[in-house]
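The values are calculated or read from the model by the stated rules, or taken from the named source; none is laboratory data. Since the structure is predicted, the reported quantities are computational estimates derived from the model, not experimental observations. Cβ sites come from the backbone with ideal geometry, for glycine too, and all protein chains shown count toward neighbours. Surface accessibility is based on the protein's heavy atoms, side chains included, excluding ligands, DNA and RNA. Shrake-Rupley method; radii C 1.70, N 1.55, O 1.52, S 1.80 Å.
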Amino acid sequence: MPAESLRSVTRVIDSLTTFEGEGFLVHRPFPTAGLADADPFLLLDEMGPMDLAPGEAKGAPDHPHRGFETVTYILEGAFQHEDSAGHAGALNPGDVQWMTAGAGVIHSEMPSDRIRERGGRIHGFQLWVNLPRRDKMIAPCYQDMPAAKIPEAATPDGTVRVRVIAGEALGHRAVIDTRTPITYLHFTLAPGASVVQPLPPDQRAFAYVFAGAGFAGRDSTPIARGQMALFASDGASISLRADVASVERPLQALVIAGVPLGEPVARYGPFVMNTKEEIAQAVRDYQGGRMGHIAR
Ligand code: CO
């Protein structure tokens, strides 16, 4: 593919390491002081990896969301979730939960009982996808996708593998439906391997590297673990190449892309609306118990 059809990297963002909920280690490329959001995406957290001793595991007990979607992707460990709409279930390695909070949901996201009691390793991601104004107050809904149903593909030589969570890659199409066009891919590249991923012209893209090191885009911009590369919209495809001498190998990255909404964003903690008035209403609805509660 000619180099001019590859998108260039406009910025490389270092993630912030912080603690979320009751003390959960996260690496967060955005929102940070340097990058408020990546429209239509509001937040990306890499949870862990962390090794927990028995009794040490913490999560995010009952809390509300309104106006966007939370997408949880587990690599190691196990989580359990419960919510005010009556859903309850487990998330195991490779599973994805795509939760559309819409008008409002209260949920609990905790490491599994087994990990809380016996300890264990936890690693995963949470992505927040903004909803367009027209969809912010829809009824909450879920897509729970077990690992076995998520399409996986590889190049003939096996040096590039991809799990297709949303969108399309290496001839495989995702099974999850999204309300606006979204691409969410988990790439694994052997040292020295490279991939060129075509994207719809209206989708803005970034890559977040969580293992290994390599290069991204037209100018082979260096990118390493914990960094996110933001691509310009100046070409038909994005590209990634794993460093031949990657210390931690192979390179693993999430490639995430979506069509910017271009709407005003008013955010306050777990509520993301278009105006301050809508945020005030969300707080009143939550405090008034109108987002329900988790029946236990
Ligand atoms: Co939540």
Practice prompt. Determine if region 173-185 includes at least one residue that is surrounded by fewer than 19 Cβ atoms within 10 Å (Cβ to Cβ), in contact with a helix residue (DSSP H, G or I) (Cβ under 8 Å, 6 or more places away or on another chain) and either in contact (Cβ under 8 Å) with a residue 12 or more places away in the chain or more than 24 Å from Leu35 (Cα to Cα) (or both).
Written response: yes
Discussion item. Any residue at all in region 63-82 that's out of contact with any helix residue (DSSP H, G or I) (no Cβ under 8 Å at 6 or more places or on another chain) and small (Gly, Ala, Ser)?
Written reply: no
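Would you please name the residue that is least open to solvent (accessible area, probe 1.4 Å), looking only at residues in region 106-119 that are of a type outside the set (S, T, N, Q), more than 12 Å from the ligand (Cβ to nearest atom) and touching a Phe, Trp or Tyr at 6+ places or on another chain (Cβ under 9 Å)?
Pro111
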Worksheet item: When region 17-29 is examined, which residues are found to be under 22 Å from Met110 (Cα atoms) and part of a strand (DSSP E or B)?
Response: Thr17, Thr18, Phe19, Glu20, Phe24, Leu25, Val26, His27, Arg28
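Go through region 123-143 and give me each residue that's within 16 Å of the ligand (Cβ to nearest atom) and either open to solvent by less than 10 Å² (accessible area, probe 1.4 Å) or within 15 Å of the chain's Cα centre (by Cα) (or both). Explain how you work it out, then say what you get.
As a first pass, look at region 123-143 and keep what is within 16 Å of the ligand (Cβ to nearest atom): 124-131, 140-143.
The answer is Gly124, Phe125, Gln126, Leu127, Trp128, Val129, Asn130, Leu131, Gln143.
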Discussion item. Step by step: first the residues of region 31-54, then only those that are closer than 24 Å to Gly119 by Cβ and more than 16 Å from the ligand (Cβ to nearest atom), then the one that is least open to solvent (accessible area, probe 1.4 Å). Which residue is that?
Written reply: Gly48
Discussion item. Given the criteria open to solvent by less than 40 Å² (accessible area, probe 1.4 Å) and within 16 Å of the ligand (Cβ to nearest atom), does Phe210 qualify?
Written reply: no
Practice prompt. State which residue is nearest to the ligand (Cβ to nearest atom) when the search covers only region 241-272 and only residues that are without any contact (Cβ under 8 Å) to a residue 24 or more places away in the chain and open to solvent by 50 Å² or more (accessible area, probe 1.4 Å).
Written response: Gly269
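Residue-wise test of (1) among the charged types (D, E, K, R); (2) without any contact (Cβ under 8 Å) to a residue 40 or more places away in the chain; (3) in contact with a His (Cβ under 6 Å, 6 or more places away or on another chain); (4) over 25 Å from Ile182 (Cα atoms).
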| site | (1), (2), (3), (4) |
| --- | --- |
| Glu46 | yes, no, yes, no |
| Ala90 | no, yes, no, no |
| Arg118 | yes, no, no, yes |
| Phe125 | no, no, no, no |
| Arg133 | yes, no, no, no |
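To keep it simple, each residue is scored yes or no on (1) hydrophobic (A, V, I, L, M, F, W, C); (2) touching a Gly at 6+ places or on another chain (Cβ under 9 Å).
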{"residue": "His65", "(1), (2)": "no, yes"}
{"residue": "Ala85", "(1), (2)": "yes, yes"}
{"residue": "Ala88", "(1), (2)": "yes, no"}
{"residue": "Gly94", "(1), (2)": "no, no"}
{"residue": "Pro111", "(1), (2)": "no, yes"}
Practice prompt. Please work out which one of (1) open to solvent by less than 40 Å² (accessible area, probe 1.4 Å); (2) under 13 Å from Cys141 (Cα atoms); (3) more than 16 Å from the ligand (Cβ to nearest atom) is the condition Val71 fails and give its number.
Written response: (3)
Worksheet, complete the sentence: Checking Ala90, Ala85, Ala103, Ala57 in turn, the sole residue that is more than 11 Å from the ligand (Cβ to nearest atom) and part of a strand (DSSP E or B) turns out to be Ala90
